[in-house]
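Below: the structure, in structure tokens.
The values are calculated or read from the model by the stated rules, or taken from the named source; none is laboratory data. Bear in mind the structure is a predicted one, so any value in this text is a computation, not a measurement. Don't worry about glycine lacking a Cβ; one is built from the backbone with ideal geometry, like all the others, and counts go over all protein chains shown. Calculation scope for accessible area: heavy atoms of the full protein, side chains included, ligands and nucleic acids excluded. Shrake-Rupley method; radii C 1.70, N 1.55, O 1.52, S 1.80 Å.
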Amino acid sequence: MSFHTHACILSTGDEIITGQLLDTNSRYLAEQLTSLGISIVEFAAIPDDLDALVHTLRRLASRAPLLIMSGGLGPTEGDLTRHALAVATGQGLVTDEAALRHLTAWLAGRGRTMNERQARQALRPSGATCLPNAVGTAPGLHSRIDSPTPGAAGTDVFCLPGPPGELSSMWLASVVPMLRPEPSRVVATRLLHVVGIPEADLVTRLGPIMKRDRVPLIGVTASQGVLTLRLRMAASTGSAQAEQALDADEATLGELLGDHLFGRGQETLPAVVLSTLRARHQTLATVESCTGGLLGALLTAIPGSSASFAGGLLTYSNELKTRLAGVDPALIAAHGAVSEQVASAMAAGGLHATGAHHAVAITGIAGPDGGSPAKPVGTVCIAHAWQSKSSTSGPAAPVSVDVRRFRFTGDRDDIRQRAARTGLAMVYFQLFGRPLSEPRLLWQLDAPK
Ligand code: ATP
């Protein structure tokens, strides 16, 4: 048997082709295959059309010994994957009795009976095998498409259901154990997450370690103010060479980046901030205006957040800024709701109202309307207030405030996302002992003289 040295990924669905749905399945499969040392030679996405499916299955099968396909296995007329596989392999469709039994039991367990449409999901090309679906109805399929060249090895084709949860569970349970990556080649990877440095400055700061022809290869991606360094190296199975090289690079990067390096692997900024607060027995509250609870949502998305997230005030109107966060209306009248003064008062008011050790307040203009020459769309003031001495917490405790003005770029969603993450970055750097207002963050404006 030949090895699965390289692979093609095919997704099907009119929703993908029309841009209504982002093809996250292909991304997931690409990450998984890459981590197994299997190179991707092509991604394809095509509509629910039988001829196009058959043609593409045959074309991709001629390019790689492995083809992973997602979607089109459901019960509707538009679900054509099993028919296309039957045509591409020159086989007829038969009912898989085990799949039919599973389907009947699955539906019965939910008080439903089998109809003709649903029974279609138990059909398979005669030479194919069904892959069990532990979390949905449609079984997957595994088949081989023979090479047109006599004697040449064929292609293993795996067809997986479209819903991402069904796809990943079937991938891990049924497909990965059947893959044959080249035994001599594994790819080791690391992810390091960085905040508070613009991408261009990061590349300058890291110097030759970022060269494109270097081994291990280090790449960088940026998302809403957070940079992710991806370290990658292929090596022989069983050799510690790749892991040792990545350990050495990680140590070098740690020295070059200092506290800008906030996390590794699956760690996120909200999770790191919350776990740091938790370790110090401190709590955080939010007072949000233009982000409308987004920062609270980022924090509460982390399991166990209740240990260090106290809660938040959603003070969208000026009236609620006053009523809930205690902002003096005269301050709003004098400086406007989007101002350093009001942001600071919101944060201090949030500390007072919630009794938390830290409060982050965000007030700004997310657009597309509402900007002015002095405060264009994207202007956001963010304040972080904290009780200077946790031992004397309470309304009388001394409060420190770090307040900054930003001009975020992008559309309404980008501005809100960037503001929420920037608020977290301010808390992060204070927790790690940075002096007030350091470091200067992305999109930050100079303080008024
Ligand atoms: P079902 O049994 O649910 O019909 P299926 O295999 O027929 O599964 P599709 O009908 O193609 O899958 O897609 C079902 C849903 O799965 C889509 O509406 C979409 O929400 C999700 N989905 C499909 N393909 C993708 C993809 N490539 N990336 C992310 N989500 C996808």
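Sort MET69, MET210, MET114 by accessible area with a 1.4 Å probe, largest first.
Correct descending sequence by accessible area is MET114, MET210, MET69.
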Q: Provide the per residue accessible area, probe 1.4 Å, for region 265-315, rounded to a whole number of square angstrom.
A: 41 Å²
Q.
Can you tell me which aspartates and glutamates have their Cα less than 15 Å from the Cα of LYS375? Leave out same-chain residues fewer than eight positions away.
A. GLU340, ASP446
Q | Karplus (6.51, -1.76, 1.60) ³J(HN,Hα), θ = phi - 60°, over region 335-351, in Hz, Gly and Pro reported as x | A | 10, x, 5, 9, 7, 4, 5, 6, 4, 4, 5, 4, 5, 5, x, x, 4
Q: When you have a sec, figure out the Kirkwood radius of region 145-244 from all distinct Cα pair distances and drop it here in Å to one decimal?
A: 17.3 Å
Q: Give the residue from GLY72, ALA119, THR104 lying farthest towards the positive end of the charge dipole for region 20-144; charges sit on Cβ (+1 for Lys and Arg, -1 for Asp and Glu) and the dipole is referred to the Cα centre.
A: THR104
Q: First select every other residue whose beta carbon is under 14 angstrom from the beta carbon of VAL54; then total the charges, Lys and Arg +1, Asp and Glu -1.
A: 0
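Would you work out what percent of the accessible area of region 1-106, with all protein chains in place, is carbon or sulfur (probe 1.4 Å)?
Details: 2700 of 4830 Å².
Looking at region 1-106 in its full context, I get 56 percent from C and S.
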Q | Within-15-Å neighbourhood charge of ARG190 [Cβ basis; K, R +1; D, E -1] | A | -2
Q. How much of SER184 can a 1.4 Å solvent probe reach, expressed as accessible area in Å² and rounded to 10?
A. 70 Å²
Q) At what distance in angstrom do the alpha carbon centres of region 408-449 and region 210-265 lie from each other? A) 25 Å
(Q) Can you give me the % of accessible surface on region 331-418 that is carbon or sulfur? Probe 1.4 Å, all protein chains present, nothing else counted. (A) 54 percent
Q | For a label point 7 Å along the Cα-to-beta-carbon line of ARG440, residues of region 176-202 with backbone N under 20 Å | A | 195-202
Q. Once amide H atoms are placed 1.01 Å from N in the peptide plane, what residues at a sequence separation of 5 or more from ALA64, or on another chain, have their amide H within under 5 Å of its amide H?
A. none
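Could you work out the equivalent-ellipsoid semi-axes for region 263-385, taking the square root of 5 times each eigenvalue of the Cα gyration tensor, largest first, in whole Å?
Semi-axis lengths for region 263-385 are 27, 17, 11 Å.
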Q. Which residues' amide hydrogens lie under 5 Å from the amide hydrogen of LEU131, considering only partners 5 or more residues apart or on another chain, with H built in the peptide plane?
A. GLY140, LEU141, HIS142
Q. Counting only heavy atoms of protein chains, what accessible area per residue, in Å², does region 170-264 have with a probe of 1.4 Å?
A. 49 Å²
Q: Determine how large the accessible area of MET233 is when every protein chain is in place; take a 1.4 Å probe and give Å² rounded to the nearest 10.
A: 20 Å²
**Q.** Long-range amide H partners of ALA285 with built H, under 5 Å
**A.** ALA310, HIS358, ALA359, VAL360
(Q) Once you order the gyration tensor axes a ≥ b ≥ c over the Cα atoms, which shape class does region 185-282 get: rounded for a/c under 1.5, otherwise prolate or oblate by comparing a/b with b/c? (A) oblate
Q) Carbon-plus-sulfur fraction of the accessible area of region 223-328, 1.4 Å probe, in percent? A) 53 percent
Q.
Run the helix sum for the chain: -39,500 (n - 2.57) per DSSP H stretch of 4+ residues, divided by residue count, reported at 222 nm to the nearest 500 deg cm²/dmol.
A. -10000 deg cm²/dmol
(Q) Please compute the contact order of the chain in relative form: average sequence separation of alpha-carbon pairs under 8 Å and at least six residues apart, divided by the residue count, as a percent. (A) 10 percent
(Q) Rounded to whole Å, give me the distance from the Cα center of region 31-50 to that of region 89-106. (A) 26 Å
Q: Could you state the angle between the C-alpha long axis of helix 269-279 and the longest principal axis of the C-alpha atoms of the chain, as a value from 0 to 90 degrees rounded to the nearest 10?
A: 60 degrees
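What is the sum of charges around LEU295, taking Lys and Arg as +1, Asp and Glu as -1, for the other residues whose C-beta is under 10 Å from the C-beta of LEU295? Mind dumping the intermediate values first?
Values: positive: ARG416, ARG421; negative: GLU288.
Summing Lys/Arg as +1 and Asp/Glu as -1 gives +1.
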Q. How large is ³J(HN,Hα) for each residue in region 106-120, as worked out from phi by the Karplus curve 6.51 cos²θ - 1.76 cosθ + 1.60 (θ = phi - 60°), to whole Hz, x for Gly and Pro?
A. 4, 5, 4, x, 10, x, 10, 10, 6, 10, 4, 4, 5, 5, 4
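Across all directions of projection, what mean area in square nanometres is found for the Cα convex hull of the chain? Write down the numbers at each step before the final one.
Numbers: hull surface 109.8 nm².
Over every viewing direction, the Cα hull of the chain projects on average to 27.4 nm².
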Q) Taking the mean number of other Cβ atoms within 10 Å as a proxy for protection, how do you rank 118-127, 318-327 from highest to lowest? A) 118-127, 318-327
Q.
Heavy atoms of the protein only, probe of 1.4 Å, neighbouring chains included. What is the accessible area of HIS83 in Å², nearest 10?
A. 50 Å²
(Q) From the phi angles alone, apply the Karplus equation (6.51, -1.76, 1.60; θ = phi - 60°) to region 421-432 and give each ³J(HN,Hα) in whole Hz, x where the residue is Gly or Pro. (A) 6, 5, x, 5, 4, 4, 5, 4, 5, 5, 4, 8
